[in-house]
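The values are calculated or read from the model by the stated rules, or taken from the named source; none is laboratory data. Quick caveat: nothing in here was measured; it's all calculated off a predicted structure. Cβ coordinates were reconstructed from backbone atoms using ideal geometry, including for glycine residues, and neighbour counts include every protein chain displayed.
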Amino acid sequence: METLFTKIINREIPANIIYEDDQVLAFHDIAPQAPVHFLVIPKKPIRTLNDLAEEDKALAGHLLLTAQRLAKELGCEEGFRVVMNCNELGGQTVYHIHMHVLGQRQMHWPPG
């Protein structure tokens, strides 16, 4: 499954990468919705949150801990939001799971 994110992982298209290790990649969103807005994606291609398997438990935890650490490093100590969209009704547009991390502004509820 080749997606926009696969192409970013493979360096076929540019991205403003802020973190990478053997399991995940994080980069700034191209259309930020907050002063801080970045994505954290697994390098393993997983289509939707519904496709996450028991064997991905450690990877899912690593995604969350990476989001937490980067949010703090980017000045979001006072709070931030982590969003994962799933399928069309959930607002997913790229079918490779990813976390949006948004911070440095007041978030509202419901998100819309």
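Can you find even one residue in the stretch 4-14 that is touching a strand residue (DSSP E or B) at 6+ places or on another chain (Cβ under 8 Å), of a type outside the set (S, T, N, Q), modelled with pLDDT of 95 or more and farther than 21 Å from ARG81 by Cβ? Please lay out each step first, then the result.
Quick first cut of the stretch 4-14, residues touching a strand residue (DSSP E or B) at 6+ places or on another chain (Cβ under 8 Å) only: 5, 8-9.
If we keep only those that are of a type outside the set (S, T, N, Q) as well, we get 5, 8-9.
Now restrict to residues that are modelled with pLDDT of 95 or more: 5, 8-9.
If we keep only those that are farther than 21 Å from ARG81 by Cβ too, we end up with 8-9.
Yes, there is a match, as at least one residue in the stretch 4-14 is touching a strand residue (DSSP E or B) at 6+ places or on another chain (Cβ under 8 Å), of a type outside the set (S, T, N, Q), modelled with pLDDT of 95 or more and farther than 21 Å from ARG81 by Cβ.
Is it true that some residue in the stretch 50-57 is within 11 Å of the chain's Cα centre (by Cα) and of a type in the set (D, E, K, R)? Break it down into steps so the answer makes sense when it comes.
Narrowing the stretch 50-57 to residues within 11 Å of the chain's Cα centre (by Cα): none.
No, there is no match, as no residue in the stretch 50-57 is within 11 Å of the chain's Cα centre (by Cα) and of a type in the set (D, E, K, R).
Report the residue count in the stretch 81-98 for those that are outside any loop (DSSP other than H, G, I, E, B) and over 13 Å from the mean Cα position of the chain (by Cα). Working first, answer last.
Quick first cut of the stretch 81-98, residues outside any loop (DSSP other than H, G, I, E, B) only: 81-83, 88-90.
So of that shortlist, the ones also over 13 Å from the mean Cα position of the chain (by Cα) come out as 88-90.
Number satisfying all stated conditions: 3.
TYR19 versus (1) more than 12 Å from the chain's Cα centre (by Cα); (2) modelled with pLDDT of 95 or more; (3) not in a helix (DSSP H, G or I): which is the lone unmet condition?
TYR19 satisfies every listed condition except (1).
Residue by residue through the stretch 61-80, note down the ones that are polar (S, T, N, Q) and either at pLDDT below 95 or crowded, with 19+ Cβ neighbours inside 10 Å (or both). Step through it out loud before you land on a result.
Applying the first criterion (polar (S, T, N, Q)) to the stretch 61-80 yields 66, 68.
Matches in the stretch 61-80: THR66 only.
Looking at this structure, is ALA58 among the small types (Gly, Ala, Ser), at pLDDT 95 or above and surrounded by 13 or more Cβ atoms within 10 Å (Cβ to Cβ)?
no
Only residues that are in contact with a Pro (Cβ under 7 Å, 6 or more places away or on another chain) and more than 20 Å from GLU73 (Cβ to Cβ): list them for the stretch 1-23, please.
So in the stretch 1-23, the residues in contact with a Pro (Cβ under 7 Å, 6 or more places away or on another chain) come out as 1, 6, 23.
Result: MET1, THR6.
Across the stretch 63-93, what is the number of residues that are under 14 Å from ILE41 (Cβ atoms) and in contact with a strand residue (DSSP E or B) (Cβ under 6 Å, 6 or more places away or on another chain)?
Residues of the stretch 63-93 under 14 Å from ILE41 (Cβ atoms): 63-64, 66-67, 70, 82-85, 92-93.
Going one step further and asking which of them are in contact with a strand residue (DSSP E or B) (Cβ under 6 Å, 6 or more places away or on another chain), we end up with 63, 66-67, 70, 82-84.
Qualifying residue count for the region: 7.
Is it fair to say VAL101 is surrounded by fewer than 17 Cβ atoms within 10 Å (Cβ to Cβ), in contact with a strand residue (DSSP E or B) (Cβ under 7 Å, 6 or more places away or on another chain) and either free of Cβ contacts under 8 Å to residues at least 24 places away in the same chain or assigned to a strand (DSSP E or B) (or both)? Before the answer, list the steps.
Numbers: surrounded by fewer than 17 Cβ atoms within 10 Å (Cβ to Cβ): no; in contact with a strand residue (DSSP E or B) (Cβ under 7 Å, 6 or more places away or on another chain): yes; either free of Cβ contacts under 8 Å to residues at least 24 places away in the same chain or assigned to a strand (DSSP E or B) (or both): yes.
Spelling it out, it is not the case that VAL101 is surrounded by fewer than 17 Cβ atoms within 10 Å (Cβ to Cβ), in contact with a strand residue (DSSP E or B) (Cβ under 7 Å, 6 or more places away or on another chain) and either free of Cβ contacts under 8 Å to residues at least 24 places away in the same chain or assigned to a strand (DSSP E or B) (or both).
Looking at this structure, is LEU25 in contact with a Lys or Arg (Cβ under 8 Å, 6 or more places away or on another chain), part of a strand (DSSP E or B) and not acidic (Asp, Glu)? If you could, list the steps in order and put the result at the bottom.
Details: in contact with a Lys or Arg (Cβ under 8 Å, 6 or more places away or on another chain): yes; part of a strand (DSSP E or B): yes; not acidic (Asp, Glu): yes.
Against the criterion (in contact with a Lys or Arg (Cβ under 8 Å, 6 or more places away or on another chain), part of a strand (DSSP E or B) and not acidic (Asp, Glu)), LEU25 qualifies.
May I ask you to verify whether VAL83 is at negative phi, in contact with a Ser or Thr (Cβ under 9 Å, 6 or more places away or on another chain), at pLDDT 95 or above and not hydroxyl-bearing (Ser, Thr, Tyr)?
no
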